[in-house]
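Engineer: Shown below is the structure under consideration.
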Amino acid sequence: MAVSASLRAFLDQAIDYAGMFPPCALALEPALRNQASYVRSPEAWMLNGFVLRLEQFDAARQLLSEFDPHRPLRVAALGPKTTNADAFLDGLGKAETAIRSFSRSDVDLFSVSHLEIFLSDDVDPASLKGARAIVGELPVFWEAPPERAEQTIALIAGHNSGAEVAKFGYKLRTGGVTADAFPTSAQIACALVTAATHQLPIKFTAGLHHPIRQFRDEVKTKMHGFLNVLGAGVLAAEHQWDADQAVTMLEDEDPRSFSFTDDSFAWRDWRIDTERLQYRRKFVKSFGSCSFDEPRDDLRALNLL
């Protein structure tokens, strides 16, 4: 079936393939083989980066024969987790060196779309200024726990203020392999609304394998749906929602609430036209998933693909 224009805008480059991470936890070579097949699939338009730890860059360079200049390896680089601001800046310097080295060779076969790195508790505006001096124009998504989302987003937004393009964004962890790894809907809503208020780019990782929120026995809890989360992100920004309204959408488990046409995306009575959706997606970026098959299979089951 033909994909509606609004669904294409909604999911354009929305999935960072993280096949080496739990629960899939593949080795590098099979994960890269999967990525090579995905970039040749009819749904390649949904793919964003291949999530790759910095320490695996050299090994990945030896496995680029699966890619070509028309279908290069696009990498979402994952930096180290550090515990204080000094180690944070040191780790960031090493990350930038690795990325620059990686990007100098075989430029037709791969590129680094952005860096994702954990933000230690004591990072302040001066640290972020130092970070910008290190990474230059590379887009970076800073991860902090859901309970620190509001203050972290405000910190990053303060750094971005005055910049023509917001190169720093926030990364929110939306799940894991155990029930306690999943933030509440209220925590996600707070992050979405705060990011929308500051027009700060936000991305997500883990726990968003399925389009619609649902209970999953493998994690013994309800997993958030990626249509719920991305949709609440764009609609909250477009219609100046408060967090309570965003929670209502995040907790909707009825696929019939979501509709996609060429002209617009709608959830219940809330609507955004396709052109505005494309604009809002510049700030509601992507989500990491260890599976590219599950999201597509579920979308087909919903007759959306």
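The values are calculated or read from the model by the stated rules, or taken from the named source; none is laboratory data. What you see is a predicted model; the values in this text were computed from it and never measured. No Cβ is skipped: glycine too gets one built from the backbone with ideal geometry, and neighbour counts run over all protein chains shown. Surface areas here come from the heavy atoms of the whole protein model, side chains and all, with no ligands, DNA or RNA. Shrake-Rupley method; radii C 1.70, N 1.55, O 1.52, S 1.80 Å.
Engineer: Which one is most open to solvent (accessible area, probe 1.4 Å) among residues in the stretch 233-252 that are of a type outside the set (D, E, K, R) and outside any helix (DSSP H, G or I)? Even if it seems obvious, please write down each step before you answer.
Structural biologist: Narrowing the stretch 233-252 to residues of a type outside the set (D, E, K, R): 233-237, 239-241, 243, 245-250.
Narrowing the set further to residues that are outside any helix (DSSP H, G or I) leaves 240-241.
On the way: 240: 141, 241: 17 Å².
The qualifying residue most open to solvent (accessible area, probe 1.4 Å) is 240.
Engineer: Here's a follow-up. Scan the stretch 165-198 residue by residue and report those that are of a type outside the set (Ser, Thr, Tyr) and within 19 Å of residue 14 (Cβ to Cβ). Steps first, please.
Structural biologist: Start the filter on the stretch 165-198 by keeping residues that are of a type outside the set (Ser, Thr, Tyr), which leaves 165-169, 171-173, 175-177, 179-183, 186-193, 195-196, 198.
Within the stretch 165-198, 166, 169, 171, 172, 173, 175, 188, 191, 192, 195, 196 meet the criteria.
Engineer: Which of the residues spanning the stretch 273-299 are open to solvent by 40 Å² or more (accessible area, probe 1.4 Å) and either assigned to a strand (DSSP E or B) or under 16 Å from residue 5 (Cα atoms) (or both)?
Structural biologist: Passing the criteria: 273, 275, 276, 278, 279, 285.
Engineer: Specify the residue that is farthest from residue 48 (Cα to Cα); the eligible residues are those in the stretch 114-134 that are under 20 Å from the mean Cα position of the chain (by Cα) and surrounded by 21 or more Cβ atoms within 10 Å (Cβ to Cβ).
Structural biologist: Initially, the stretch 114-134 is screened for residues under 20 Å from the mean Cα position of the chain (by Cα), giving 114-120.
The next check asks that each one be surrounded by 21 or more Cβ atoms within 10 Å (Cβ to Cβ); those that pass are 114-117, 119.
Numbers: 114: 10, 115: 13, 116: 13, 117: 17, 119: 23 Å.
Among residues in the stretch 114-134 that are under 20 Å from the mean Cα position of the chain (by Cα) and surrounded by 21 or more Cβ atoms within 10 Å (Cβ to Cβ), the one farthest from residue 48 (Cα to Cα) is 119.
Engineer: In the stretch 80-92, is there at least one residue being buried (at least 17 other Cβ atoms within 10 Å of the Cβ), under 18 Å from residue 111 (Cβ atoms) and not acidic (Asp, Glu)?
Structural biologist: Just the residues of the stretch 80-92 that are buried (at least 17 other Cβ atoms within 10 Å of the Cβ), to begin with: 82, 85, 88-89, 91-92.
Still in the list and also under 18 Å from residue 111 (Cβ atoms): none.
The answer is no; no qualifying residue exists.
Engineer: Tally the residues that are over 15 Å from the mean Cα position of the chain (by Cα), surrounded by 18 or more Cβ atoms within 10 Å (Cβ to Cβ) and more than 16 Å from residue 10 (Cβ to Cβ), restricting the search to the stretch 199-232. Step through it out loud before you land on a result.
Structural biologist: Taking the stretch 199-232 as the starting set, the residues that turn out to be over 15 Å from the mean Cα position of the chain (by Cα) are 199, 212-223.
Now restrict to residues that are surrounded by 18 or more Cβ atoms within 10 Å (Cβ to Cβ): 212-213, 219, 223.
Those left that are additionally more than 16 Å from residue 10 (Cβ to Cβ): 213, 219, 223.
Qualifying residue count for the region: 3.
Engineer: Name every residue in the stretch 258-272 that is in contact with a strand residue (DSSP E or B) (Cβ under 7 Å, 6 or more places away or on another chain), crowded, with 18+ Cβ neighbours inside 10 Å and in contact (Cβ under 8 Å) with a residue 24 or more places away in the chain, in order of residue number. Walk me through it before giving the result.
Structural biologist: Step one: of the stretch 258-272, the residues in contact with a strand residue (DSSP E or B) (Cβ under 7 Å, 6 or more places away or on another chain) are 258-259, 263-267, 271-272.
Keeping just the survivors that are crowded, with 18+ Cβ neighbours inside 10 Å gives 258, 264-267, 271-272.
Answer for the stretch 258-272, where residues must be in contact with a strand residue (DSSP E or B) (Cβ under 7 Å, 6 or more places away or on another chain), crowded, with 18+ Cβ neighbours inside 10 Å and in contact (Cβ under 8 Å) with a residue 24 or more places away in the chain: 258, 264, 265, 267, 272.
Engineer: When the stretch 27-53 is examined, which residues are found to be in contact (Cβ under 8 Å) with a residue 24 or more places away in the chain and touching a Gly at 6+ places or on another chain (Cβ under 6 Å)?
Structural biologist: Scanning the stretch 27-53 gives 34, 51.
Engineer: Another question about this same structure. Given the conditions (1) in contact with a strand residue (DSSP E or B) (Cβ under 6 Å, 6 or more places away or on another chain); (2) within 21 Å of residue 282 (Cα to Cα), report the number of the one that residue 44 does not fulfil.
Structural biologist: All conditions pass for residue 44, except number (1).
Engineer: Still on this model: Please return the ranges of helices (runs of 4 or more DSSP H) entirely within the stretch 1-71 where 2 or more residues are open to solvent by less than 10 Å² (accessible area, probe 1.4 Å), over 22 Å from residue 102 (Cα atoms) and touching a helix residue (DSSP H, G or I) at 6+ places or on another chain (Cβ under 8 Å).
Structural biologist: Numbers: elements: 5-11, 28-38, 57-61.
Correct list: 5-11.
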